[in-house]
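The values are calculated or read from the model by the stated rules, or taken from the named source; none is laboratory data. Note that the coordinates shown come from a computational prediction; the quantities given were computed from them, not determined experimentally. Note: ideal-geometry Cβ built from the backbone for every residue, glycine included; neighbour counts use all protein chains shown. SASA here: full protein model, heavy atoms, side chains in, ligands and nucleic acids out. Shrake-Rupley method; radii C 1.70, N 1.55, O 1.52, S 1.80 Å.
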Amino acid sequence: MGVELTTTRLEDAAKWAKQSKLDRATNWGRKFSLFTYPFVTACCGMEFMSVAGPKYDLARFGAEFPRFSPRQSDLLMIVGTITEKQGPALKRVYDQMTEPKWVIAFGVCASTGGFYQNYHAMPGADQVIPVDVYIPGCPPRPEQVLDAMIMLMDRIQAGRGHSQLRDKREQIIAAREAEASVDE
Amino acid sequence: MSQKVLDALKASHASAIERTESEHGDEIAWVKRDQLLAVATWLRDDPAMAFDSPVFCTAIDRLDWRPLGVPPSQHFKDENLRFEVCYQLRSSRHRYRVRLKVTVPEHDPRCPSLASLWPAFDWQERETFDMYGIRFEGHPDLRRIFLYEEFVGYPLRKDYPKEKRQPLVRRDDLPIASKTPTSERTEIAAGDSGDEETP
Ligand code: SF4
């Protein structure tokens with residue numbers, strides 16, 4: 001954290017300027033009302049509790065309280081080791097979440113598989129679903145998590161989350177197709 | 001500690017016990033495979049033994065077994081001795097502990113199941129089957145317990161490739177990635193403000 005802006009954030013800031021007023025307002029609303037779905041599978045969960053607890057207080061950033069139904073949430077926190085057997089369940093949870101949705105991989109296990117390079121562990125949750133922000137660490141410090149949260153909020157404001165980009169792509173493709181059919 | 005148990009076993013089931021050893025306070029009896037059920041039943045039902053508590057059941061793969069301090073003549077060579085199935089038992093009445101071991105050959109990985117004597121061995125035998133592929137005969141429901149049905153092979157065998165994964169879903173199978181053809185996706189990403197690099 002701190003006052004310095006990383007390059008990404010500078011770029012993001014430049015992109016906000018290009019957004020329409022409506023987009024800017026919508027994304028502003030989205031970034032301050034994240035509803036988390038904690039997909040807690042392993043030891044990182046302890047660290048997640050401390051971030052969500054009063055000392056570090058994730059709620060300051062608008063991620064007020066965890067919802068334990070994917071249908072009521074738009075931020076998936078993958079906290080802990082994902083095994084190959086859990087892959088279908090994780091994908092299903094992601095599919096059930098409301099659009100637009102974002103994903104944070106919490107800890108090295110969720111990001112790359114960490115030290116579990118063997119038959120049972122999935123080498124990163126991004127094998128199954130698109131991940132927006134990766135947090136390294138085993139487990140990560142709460143400060144890292146807050147930093148990741150701020151990164152994600154910048155990204156949401158800039159419209160650069162995976163699901164937002166996908167929507168944009170689809171709109172462009174639909175527009176192109178419509179153009180093509182008019183030309184014919 | 002429980003040398004009495006080994007002596008009693010040798011006295012009552014001389015033909016079933018191959019050899020016995022004591023190591024670090026653990027008493028081990030090597031039992032012939034076809035007699036395991038009889039020996040275990042006797043251990044459970046004899047009032048002087050009364051082994052009522054099943055502690056664990058697991059297996060050891062002795063492929064490439066070369067521990068320090070063991071002469072090369074005793075290293076693993078014979079595929080007939082590849083697996084050892086271990087049953088640890090405890091008698092809470094007499095405070096005995098004993099471990100029964102059965103050698104299981106590679107080409108015929110069968111072992112009698114003790115789940116009928118101690119129901120707690122049911123899941124432990126399933127786990128041993130899941131990880132080592134030991135087929136427990138007489139087991140009520142021998143299925144994989146941790147891994148999925150689609151898994152091929154037995155991961156804790158020493159000849160299973162260390163990093164071999166058998167994924168159930170992969171990103172390439174998913175509609176998110178396949179909605180747009182790849183060529184068009186890169187084109188749009190280049191032309192549009194959005195790029196997908198992640199920090
Ligand atoms: S990253 Fe470390 S703390 Fe987090 S789930 Fe993996 S092993 Fe546990």
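List of remarks:
- Only one of the numbered conditions (1) at the interface with another protein chain (Cβ under 10 Å from one of its Cβ atoms); (2) buried (at least 18 other Cβ atoms within 10 Å of the Cβ); (3) at negative phi is not met by A:Gly113, and that is (3).
- Within the range A:104-125, not a single residue is within 20 Å of A:Glu47 (Cα to Cα), outside any helix (DSSP H, G or I), without any contact (Cβ under 8 Å) to a residue 60 or more places away in the chain and more than 14 Å from the ligand (Cβ to nearest atom).
- Qualifying residues in the range A:17-52 (those that are open to solvent by 80 Å² or more (accessible area, probe 1.4 Å) and not in a helix (DSSP H, G or I)) - the one nearest to the ligand (Cβ to nearest atom): A:Cys43
- Look at (1) open to solvent by less than 60 Å² (accessible area, probe 1.4 Å); (2) over 21 Å from A:Leu34 (Cα atoms); (3) within 16 Å of the ligand (Cβ to nearest atom) and you find that A:Ala180 fails only one, number (3).
- Test: residue in the range A:93-114 that is within 27 Å of A:Glu143 (Cα to Cα) and basic (Lys, Arg): yes
- Tabulated pairs, the range A:133-147, first more than 14 Å from every other protein chain (Cβ to nearest Cβ) and assigned to a helix (DSSP H, G or I), second open to solvent by 60 Å² or more (accessible area, probe 1.4 Å) and away from the ligand (no atom under 11 Å from the Cβ), C-beta under 8 angstrom, 6+ apart or interchain: A:Pro142/A:Lys55; A:Glu143/A:Met1; A:Leu146/A:Met1
- When the strands (runs of 3 or more DSSP E) confined to the range B:1-83 are screened for residues that are of a type in the set (D, E, K, R) and at pLDDT 85 or above, those reaching at least 2 such residues are found at B:17-23, B:26-31.
- Across the range A:164-177, the qualifying residues are those that are at the interface with another protein chain (Cβ under 10 Å from one of its Cβ atoms) and of a type in the set (A, V, I, L, M), and the one among them that is least open to solvent (accessible area, probe 1.4 Å) is A:Leu165.
- Members of the range B:86-126 that are open to solvent by 40 Å² or more (accessible area, probe 1.4 Å) and in contact with a Cys (Cβ under 8 Å, 6 or more places away or on another chain): B:Arg99, B:Gln124
- Single residue of the range B:143-164 satisfying the filter (in contact with a helix residue (DSSP H, G or I) (Cβ under 9 Å, 6 or more places away or on another chain) and open to solvent by 50 Å² or more (accessible area, probe 1.4 Å)) that is farthest from A:Ile82 (Cα to Cα): B:Arg143
- For the range B:5-52, the candidate set comprises residues that are over 20 Å from B:Trp118 (Cα atoms) and hydroxyl-bearing (Ser, Thr, Tyr); within that set, the residue that is surrounded by the fewest Cβ atoms within 10 Å (Cβ to Cβ) is B:Ser15.
- B:Ala16 being in the same structural domain as B:Arg157 (by TED's automatic domain parsing) and more than 16 Å from B:Leu89 (Cα to Cα): yes
- Residue ID - most open to solvent (accessible area, probe 1.4 Å), chosen from residues in the range A:79-103 that are closer than 23 Å to A:Arg30 by Cα and part of a loop (DSSP other than H, G, I, E, B): A:Glu99
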